[in-house]
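The values are calculated or read from the model by the stated rules, or taken from the named source; none is laboratory data. This one's a predicted model, so the numbers in the text were calculated from it and none came from an experiment. Virtual Cβ from ideal backbone geometry, glycine too; neighbours counted across all protein chains shown. Note: accessible area is taken over every heavy atom of the protein model, side chains too, but ligands, DNA and RNA are not part of it. Shrake-Rupley method; radii C 1.70, N 1.55, O 1.52, S 1.80 Å.
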Amino acid sequence: MTNTPDVKAVLWDFGGVLTTSPFDAFARYEADNGLEAGFIRRLNATNPDTNAWARFERSEVTAGEFAALFEAEAAAAGATVDAVAVMGMLRGAIRPAMVEAVRRCGERLRTGLLTNNFVAPDPESAPLYDEVLHLFDAVVESSKVGHRKPDPRFYEMACEMLGIEPAEAVFLDDLGVNLKPARAMGMRTIKVVDPAAALSELQAVVGFPVA
């Protein structure tokens, strides 16, 4: 197999793609603390550009300010949430097959990591970026660039760093809301629900084995 001639780069989300989903952590927290299933996801989907989570991922507030804002939002929605405890559950576990796919893509194409993240107050709860950063030609982190998915500028930055046009990229993310603007810009997009199925789809697009 050979890669599709106009594919020059593969772009990857981190949480939910290269690692287990942060939504799994939300679900565990909800179950452990008697919250309605899906409460935290719904909270973060309310005012998604200006809520505490969005502001924290753009480094507009400190960890302490985020905790106060997030807990106030939860209280307004009818529940008590410990923001620090929620952050501490988000580390996730690396998916080896996905990381191997990044490595194989990097042998033939450019690679980029596009992640909405925050500066963790506790290093032990920080995402496992150090294990995979060396595999990427470009890394775009919301906490450093002041933009976050699905802001189109976030994707533009990745393309500029890699020296490509959007139509020359494939982007994998576990959220449809993050894939929609990428697709509108001309990127091929793959929604990661079942990691094995997503890798099969990626292999069909790039035209060489990724797993």
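Per-residue answers, yes or no, for (1) open to solvent by less than 70 Å² (accessible area, probe 1.4 Å); (2) touching a Cys at 6+ places or on another chain (Cβ under 7 Å); (3) in a loop (DSSP other than H, G, I, E, B):
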residue: V81; (1), (2), (3): yes, no, yes
residue: V84; (1), (2), (3): no, no, no
residue: M87; (1), (2), (3): yes, no, no
residue: L90; (1), (2), (3): yes, no, yes
residue: M98; (1), (2), (3): yes, no, no
residue: V102; (1), (2), (3): yes, no, no
residue: C105; (1), (2), (3): yes, no, no
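Where residues in the stretch 119-141 are at pLDDT below 95, part of a loop (DSSP other than H, G, I, E, B) and open to solvent by less than 30 Å² (accessible area, probe 1.4 Å), which of them is nearest to K8 (Cα to Cα)?
V132
Does L179 fit the bill of being aliphatic (A, V, I, L, M), within 15 Å of D13 (Cα to Cα) and in contact with a helix residue (DSSP H, G or I) (Cβ under 6 Å, 6 or more places away or on another chain)?
no
Can you list residue pairs whose Cβ atoms sit under 9 Å apart, with the first residue in the stretch 191-209 being surrounded by fewer than 19 Cβ atoms within 10 Å (Cβ to Cβ) and the second being small (G, A, S) and not in a helix (DSSP H, G or I)? Count only pairs 6 or more apart in sequence or on different chains.
That search, which allows pairs on different chains as well, returns A196/A211; S200/A211; Q203/A211.
Mind telling me which of the residues D24, D49 ends up being within 20 Å of V145 (Cα to Cα) and open to solvent by 40 Å² or more (accessible area, probe 1.4 Å)?
Checking each option against the conditions leaves just D49.
Return a yes/no flag: does the stretch 17-31 have any residue that is touching a strand residue (DSSP E or B) at 6+ places or on another chain (Cβ under 9 Å), at pLDDT below 95, under 17 Å from N178 (Cβ atoms) and assigned to a strand (DSSP E or B).
Yes, the conditions are met somewhere in the stretch 17-31.
Only one of K180, K144, K149 is closer than 18 Å to N44 by Cβ, surrounded by fewer than 22 Cβ atoms within 10 Å (Cβ to Cβ) and of a type outside the set (D, E); which?
Going through K180, K144, K149 in turn, the sole match is K180.
May I ask you to list pairs of residues, at least six apart or on different chains, whose Cβ atoms are under 6 Å apart, with the first in the stretch 131-147 being within 24 Å of W53 (Cα to Cα) and the second being of a type in the set (S, T, N, Q) and open to solvent by 30 Å² or more (accessible area, probe 1.4 Å)?
Hits for this filter: S142/N116; S143/S59.
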